[in-house]
Amino acid sequence: MRTTSFLAVLLSATLASAQEETPAPPLETAPIPVKPEPKPQESEPVESTPVEPEPESQAPAPPSDAPLATAGEPELQPVSDPNSQRLVNGAPLHNPNVAVHVVQKKRFADEGRHEFTLYPVVGQVNGRFTEHAGSALHYTYHLQENFALQVSTTYNWYSNESLFNLELIDKVREQAQAASALLLVWGAQAGVEVTPLYGKFAFYDNHLLQFSLVISGGAGIGSTRVLVRPEVSNQVDGETFTVPARFGDTGSKFLGSVGGGFRVQFGDSMALRLEVRDLVYTARVDRVDGCNLQDFQKLEDARSTGQSFSELGLTGSCQFQKFDGVDPKTRKNYREDIVLGKDLVGNPSSDVLNNLSFYAGFSLLF
């Protein structure tokens, strides 16, 4: 009995512990929602793209020992040469690190101004049969900034045939045609002047000068002459005299010119001009000192007979006095030049001559 009772107690205790470990069946109620645990997202495969090279213009990385940039403003450094900051007409000419290329209007306007230009020496540069040297005076009125009216006069205080032509006369008794060796004594013209270009440049690092390219043209008249007799020696009664060259007037001729050059302006009222001009004039020799071929024929006949020239009935323009008489200094008989004058007009010649000359002068503007 004791054994049976012990087994019954042990069985009851085993059943009780089994009931505690076994969960109770669910009740017939609504289920409680349970939040599902988030599942780890699978990473999508990343497509590999080629890395583009950085542009060359990107600044290189600073070296490791470079000083750190400060947030404040940079300190001003002292100027080594204060004169380099001085402005001359608005430009730092004294600064060696600055190139002056400023585009600005002209400092001095020309419109409505008068200009007188004196050329002390004007020299011919293309002399083959002739040589000229003289002076010129020009007046210019600037109607507009780039257009002006001009009146010019030229006087050649030296005009003679070239050494080449004189050598031909002396050695081979030949010379150029009278028209090709016609000499210009003076000329007067009226024309225009244009200024298509102007600019400025630095002069000795202290001044800014204005320059202009000028082109001119004009027309007028000029007085001409021809060589009748070169310089010779005259022997009278055992004495030798040097007789100067003898020139004959050939009248007025049409004169034209074209030229160009530079004008450099100093301040408001002074300028320097350098120009080259080509004077073109018609050349025809059919009269010498106003006498034509018929006049010279009458003079030559009267010379042999000793008749007075005033009774010959010459043309009104013939200056027969220049072929009559004796020079008291050289004792040269001017009647000997009649034959030379007759030879010049005996074969009339014509030509168009170019007198290319260099002009250098200074101007006054007001």
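The values are calculated or read from the model by the stated rules, or taken from the named source; none is laboratory data. Please read all numbers here as calculations on a predicted model, not as lab measurements. Every residue, glycine as well, gets a Cβ built from its backbone with ideal geometry; the counts of neighbours run over all protein chains shown. Heads up: the accessible areas ignore ligands, DNA and RNA and are worked out on the full protein's heavy atoms, side chains in. Shrake-Rupley method; radii C 1.70, N 1.55, O 1.52, S 1.80 Å.
How many percent of Cα pairs in the stretch 186-317 exceed 18 Å?
On the way: 6314 of 8646 pairs.
Distances greater than 18 Å cover 73 percent of the Cα pairs.
Going down the list 253/332; 253/342; 298/329, which pairs span over 26 Å between their C-alpha atoms? Working shown, then result.
On the way: 253/332 31 Å; 253/342 21 Å; 298/329 28 Å.
Listed pairs above 26 Å: 253/332; 298/329.
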Task: Separation in nanometres of the label points that stand 7 Å from Cα toward Cβ, at residue 300 and residue 331 - done: 2.8
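Can you figure out the FRET efficiency of residue 232 with residue 268, using R₀ = 35 Å and their beta-carbon distance, to the nearest 0.05? Before the final figure, lay out each step's value.
Working: r = 55 Å, r/R0 = 1.58.
After rounding, the FRET efficiency stands at 0.05.
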Open item on the list: Taking R0 as 35 Å, what FRET efficiency do you get between residue 113 and residue 350 from their Cβ-Cβ distance, rounded to the nearest 0.05?
Closed with: 0.25
TODO: Collect residues whose amide H, placed 1.01 Å from N in the peptide plane, falls under 5 Å from the amide H of residue 260; neighbours closer than 5 in sequence don't count.
DONE: 216, 276
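How much length is gained if the chain between residue 190 and residue 239 is pulled fully straight, taking 0.36 nm per residue apart and subtracting their Cα-Cα distance, in nm to one decimal?
On the way: separation 49, 0.36 × 49 = 17.64 nm, distance 5.10 nm.
12.5 nm is the gain from fully extending residue 190 to residue 239.
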Open item on the list: Under the rule of at least 5 residues apart or a separate chain, name every residue whose amide H is placed under 5 Å from the amide H of residue 130.
Closed with: 162
TODO: For the stretch 250-366, evaluate the Debye formula with one uniform point scatterer on each Cα (no solvent term) and list log10 I(q)/I(0) at q = 0.18 Å⁻¹, rounded to two decimals.
DONE: -0.91
TODO: Give me the number: length gained by fully extending residue 146 to residue 312, i.e. 0.36 nm times residue separation minus the C-alpha to C-alpha distance, one decimal in nm.
DONE: 53.9 nm
Task: Nitroxide proxy distance, nm - points 7 Å out along Cα→Cβ at residue 276 and residue 219 - done: 2.5
- [ ] May I ask for the net charge around residue 284, where only other residues with Cβ less than 11 Å from the Cβ of residue 284 are counted and Lys, Arg are +1 while Asp, Glu are -1?
- [x] 0
Open item on the list: If amide hydrogens are placed 1.01 Å from N in the peptide plane, which non-local residues have theirs closer than 5 Å to the one on residue 232?
Closed with: 243
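Going highest first, how would you order 252-261, 313-322 by mean Cβ packing within 10 Å? Mind dumping the intermediate values first?
Details: 252-261: 17.7, 313-322: 14.5.
Highest to lowest by the protection proxy: 252-261, 313-322.
Take the Cβ-Cβ distance between residue 292 and residue 86 as r, set R0 to 56 Å, and report the resulting FRET efficiency rounded to the nearest 0.05.
Details: r = 73 Å, r/R0 = 1.31.
It comes out at approximately 0.15.
Which order do 167, 131 take by accessible area at a 1.4 Å probe, largest first? Write down the numbers at each step before the final one.
Numbers: 167 90, 131 60 Å².
So, going from the largest accessible area down, we get 167, 131.
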